[in-house]
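> One structure follows; several queries about it will come next.
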Amino acid sequence: WEYLGPEEAAAMLGSRDGGRKLDRRRVGRLRSAMEGGRWGLRLDPISLDESGALVDGRHRLAAVVEADVRLWFFVTRGLPAGYQDPFADDPGARRPRRS
């Protein structure tokens, strides 16, 4: 568990190389929940690979930056390079191929 604020979230977001565009509505819903005190502990992790590149969690991290809050997140580090969660909540979304 890590207590992440805007600075840490921005650093993690900066580690992402390319990727899909943020869904602004999704970020807005998350930000609203965070600002309104409706954000609780969640078990879906913010995930980084072995090189420190962000694999999952960019919408949550963007919402932390925008809401200017500090919250607890479960964080996994050291996933294999190029890892993609086969059970991601947006399986139909297109992701760029990694070489």
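> Return the total of residues in segment 45-71 being open to solvent by 50 Å² or more (accessible area, probe 1.4 Å) and either among the acidic types (Asp, Glu) or part of a helix (DSSP H, G or I) (or both).
Final tally of qualifying residues: 5.
> Still on this model: I'm trying to understand the selection: among the residues of segment 72-87, which are in contact (Cβ under 8 Å) with a residue 24 or more places away in the chain and open to solvent by 30 Å² or more (accessible area, probe 1.4 Å)?
Trp72, Phe74, Thr76, Arg77, Gly78, Leu79, Pro80, Ala81, Gly82, Tyr83, Gln84, Asp85
> Same structure, new question: I'm trying to understand the selection: among the residues of segment 20-44, which are open to solvent by 70 Å² or more (accessible area, probe 1.4 Å), within 17 Å of Pro6 (Cα to Cα) and not basic (Lys, Arg)?
Across segment 20-44, the qualifying residue is only Glu35.
> Okay, next question. Just checking, does segment 26-36 include any residue being assigned to a helix (DSSP H, G or I), within 28 Å of Gly82 (Cβ to Cβ) and not hydrophobic (A, V, I, L, M, F, W, C)?
Yes: one or more hits.
> Right, another one. Just one of Asp68, Asp90 is closer than 18 Å to Arg29 by Cα and modelled with pLDDT under 95; which is it?
Checking each option against the conditions leaves just Asp90.
> Looking at segment 1-19, I want the residues that are open to solvent by 70 Å² or more (accessible area, probe 1.4 Å) and have a partner that is at pLDDT 95 or above and in a strand (DSSP E or B) with Cβ atoms under 6 Å, at least 6 apart or on another chain. Which pairs are those?
Final answer for the pair search is Trp1/Trp72; Tyr3/Trp72.
> Arg42 - would you say it is charged (D, E, K, R) and not in a loop (DSSP other than H, G, I, E, B)?
For Arg42, the condition - charged (D, E, K, R) and not in a loop (DSSP other than H, G, I, E, B) - is not met.
The values are calculated or read from the model by the stated rules, or taken from the named source; none is laboratory data. This is a predicted model, so every value here is computed, not measured. Positions of Cβ are backbone-derived with ideal geometry, glycine not excepted, and every protein chain shown enters the neighbour counts. Accessible surface areas use protein heavy atoms only, side chains included; no ligands, DNA or RNA. Shrake-Rupley method; radii C 1.70, N 1.55, O 1.52, S 1.80 Å.
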